[in-house]
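For reference, the structure discussed in these notes is given below.
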Amino acid sequence: MRSLWSTIAVSLLLLLPASIGETVQTKVLVLGAGMAGISAARSLIQSGLTDFVILEGAGRVGGRVLNVPFGGKTIDIGGNWVHGVSDNNPVWAMVKSYNMTGIDAGENTPKKAVEHAIYDTGYGEKPDVSSLLRGELNPTKEMFGSKTYFITDQRGYVYIIEQMAGSFLAENDRRLKLNKTVTTVQWGDHGVIVTTKDGSKYAADYAIVTFSMGVLQDNSIEFVPGLPDWKREAISRVRMAVYTKIYLKFPSKFWDDDANIWYAGERRGYYTVWQNMEAPGLFPSGSHIILVTVVDEEARRVEAQSDQATQAEVMAVLRTMYGAGIPDPTDILVPRWEQDPFFRGSYANWGVGINDEVLHKLQAPVAGRLFFAGDGTGPHFGYLQGAFLEGARVADAIATCVRGGPCEKEYQPPRRGCTCPAAANFDIQATVDDGSCLYTSGGGSIMPFSTSFYLVIFAAFTFNCMV
């Protein structure tokens, strides 16, 4: 049953002129048709909730998983790797089920790399801005292993997302609306109204926001009222890495036969990591395609300049490596993920200082109506399976609530106080001890807890409240 608020909201919307766009009422709005959005919609279907609408700003599904034709091949310019070759990894399970071709890239960390290759190309940023704790104690590696698989399948990596969408959406399904750029998200205790660039309005009891962290930080979408401070603070703590794969097509191959080629220049990250796309398991011999990757500051600099300027820089490096007589490329492709208003970056990277409390804020809904999911909201940050799992998580939470089960509440900051029942100022509602516990001595005076006091009391009786 729809909420009274949704019924009233849509009734009011119907009074607006029809020329400004369509007006739709639904139970759940899914904002974005990338991995998180499609995973969320599929989970809603699996839970028996079929009344939803997916709004996608681009003219396709897949988000930051995108393939394009280049040099006679189909290449992935966004997501390209399966991180964690394990049957427990839902992404690998899909890749395996569709027999997608690729190459086992071995361990996630290149063994013969310097610091740039170890950290920068993994996290998309320098180690001084990345969470060492989250990076080294990586849940994806712990759960799914460190082996990676580089996709070369000519259907493109996005094929798994397209197939997932096709499993529950019919052709021309009205629940998937492409080319719908969200401009405003109005939210309250009773529901959500979303406005798109073409003037269309969509009302729902719940909304799942799967915009990238880069888009949320860019403030290109207006939330009315503004998101609460705790949510905005958590979003600001996540960094949006920029990872740019530059493809070049040549009339002939002149580079090494090794799969990976390293250029150790004086400048950190300056066209350092190269990939021979004719290596065994990649493209066939004669493709004459090579890939060079830049990240972080270098990627932003490359995005801001012309392809001609980038080609000149790349060729200067290649001629340093292989001599002045090598040919110029016949084509070059430079993706620009940060400049794309639908993404504003390549993938989420957790910044220094992110802890479980920040993660809780990222995952918590706003007003119990506005849910957030994506590669930046969960422990598997930056990975495709992270987006998949987060989409499923919030969809399950909404479905449980709709069925009459417990509903996820808005984030509540931890109550700090004395958590020891033996203390004179014990706070039964406190969830985090702040060291303020006071205890009565034999004379009835109140004393703050200390180690020496604890030892004295423990000698007198069993004191089982450790603080």
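The values are calculated or read from the model by the stated rules, or taken from the named source; none is laboratory data. Owing to the predicted nature of the structure, the values given are computational and were not obtained by experimental measurement. Every residue, glycine as well, gets a Cβ built from its backbone with ideal geometry; the counts of neighbours run over all protein chains shown. Surface accessibility is based on the protein's heavy atoms, side chains included, excluding ligands, DNA and RNA. Shrake-Rupley method; radii C 1.70, N 1.55, O 1.52, S 1.80 Å.
Residues in the stretch 224-274 that are over 30 Å from Lys409 (Cβ atoms) and hydroxyl-bearing (Ser, Thr, Tyr): Tyr243, Thr244, Tyr247, Ser252, Tyr263, Tyr270, Tyr271, Thr272. Restricted to the stretch 409-422, and to residues there that are open to solvent by less than 70 Å² (accessible area, probe 1.4 Å) and within 17 Å of Asp356 (Cβ to Cβ), the residue that is modelled with the lowest pLDDT is Pro414. Taken together, the criteria place Arg344 among residues that are open to solvent by 40 Å² or more (accessible area, probe 1.4 Å) and at positive phi.
Looking at the stretch 66-76, which of the residues that are of a type in the set (A, V, I, L, M) and part of a strand (DSSP E or B) is surrounded by the fewest Cβ atoms within 10 Å (Cβ to Cβ)? Step by step, filter the stretch 66-76, then rank; the result is Val68.
For (1) in contact (Cβ under 8 Å) with a residue 24 or more places away in the chain; (2) farther than 19 Å from Pro251 by Cα; (3) assigned to a loop (DSSP other than H, G, I, E, B), each residue gets a yes or a no:
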residue: Arg300; (1), (2), (3): yes, yes, no
residue: Val314; (1), (2), (3): yes, no, no
residue: Phe343; (1), (2), (3): yes, yes, yes
residue: Trp350; (1), (2), (3): yes, yes, no
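Which condition from (1) free of Cβ contacts under 8 Å to residues at least 60 places away in the same chain; (2) in contact with an Asp or Glu (Cβ under 9 Å, 6 or more places away or on another chain) is the one that Thr320 breaks? It fails just one condition, (2). If the condition is being under 21 Å from Pro90 (Cα atoms) and either open to solvent by less than 40 Å² (accessible area, probe 1.4 Å) or of a type in the set (Phe, Trp, Tyr) (or both), then the stretch 37-65 contributes Gly37, Ile38, Ser39, Ala40, Ala41, Ser43, Leu44, Ser47, Val61, Gly62, Gly63, Val65.
State yes or no: is Leu29 open to solvent by less than 20 Å² (accessible area, probe 1.4 Å) and either modelled with pLDDT of 95 or more or under 16 Å from Ala207 (Cα atoms) (or both)?
Yes.
Residue-level analysis places Leu291 outside the set of residues that are under 26 Å from Gly34 (Cα atoms), open to solvent by 20 Å² or more (accessible area, probe 1.4 Å) and touching a strand residue (DSSP E or B) at 6+ places or on another chain (Cβ under 8 Å). Within the stretch 330-341, can one find any residue that is among the charged types (D, E, K, R), outside the structural domain of Asp256 (by the TED database) and at pLDDT below 95? No, there is no match, as no residue in the stretch 330-341 is among the charged types (D, E, K, R), outside the structural domain of Asp256 (by the TED database) and at pLDDT below 95. Residues that are among the acidic types (Asp, Glu), open to solvent by less than 20 Å² (accessible area, probe 1.4 Å) and in a helix (DSSP H, G or I) within the stretch 372-405 comprise just one, Glu390.
Are there strands (runs of 3 or more DSSP E) fully within the stretch 77-152 with at least 1 residues that are basic (Lys, Arg) and at pLDDT 80 or above? List them.
Values: elements: 81-83, 102-107, 147-151.
So the answer is 147-151.
If a residue must be within 16 Å of Ala204 (Cα to Cα) and out of contact with any Gly (no Cβ under 8 Å at 6 or more places or on another chain), how many such residues does the stretch 362-396 contain? Selection size over the stretch 362-396: 8.
Which of the strands (runs of 3 or more DSSP E) contained wholly in the stretch 156-275 include at least 2 residues that are within 28 Å of Val358 (Cβ to Cβ), open to solvent by 20 Å² or more (accessible area, probe 1.4 Å) and free of Cβ contacts under 8 Å to residues at least 60 places away in the same chain? Break it down stepwise before answering.
On the way: elements: 182-188, 191-196, 201-209, 222-224, 238-241, 243-249, 260-262.
Strands (runs of 3 or more DSSP E) meeting the threshold: 182-188, 222-224.
Within the option set Gly226, Gly265, Gly214, being touching an Asp or Glu at 6+ places or on another chain (Cβ under 9 Å) and not acidic (Asp, Glu) holds for one residue only, Gly214.
Counting only residues that are in contact (Cβ under 8 Å) with a residue 60 or more places away in the chain and under 27 Å from the mean Cα position of the chain (by Cα), how many does the stretch 283-298 have? Can you show your working first?
Going through the stretch 283-298, the residues in contact (Cβ under 8 Å) with a residue 60 or more places away in the chain turn out to be 283, 287-289, 293, 295-296.
If we keep only those that are under 27 Å from the mean Cα position of the chain (by Cα) as well, we get 293, 295-296.
Residues in the stretch 283-298 being in contact (Cβ under 8 Å) with a residue 60 or more places away in the chain and under 27 Å from the mean Cα position of the chain (by Cα): 3 in total.
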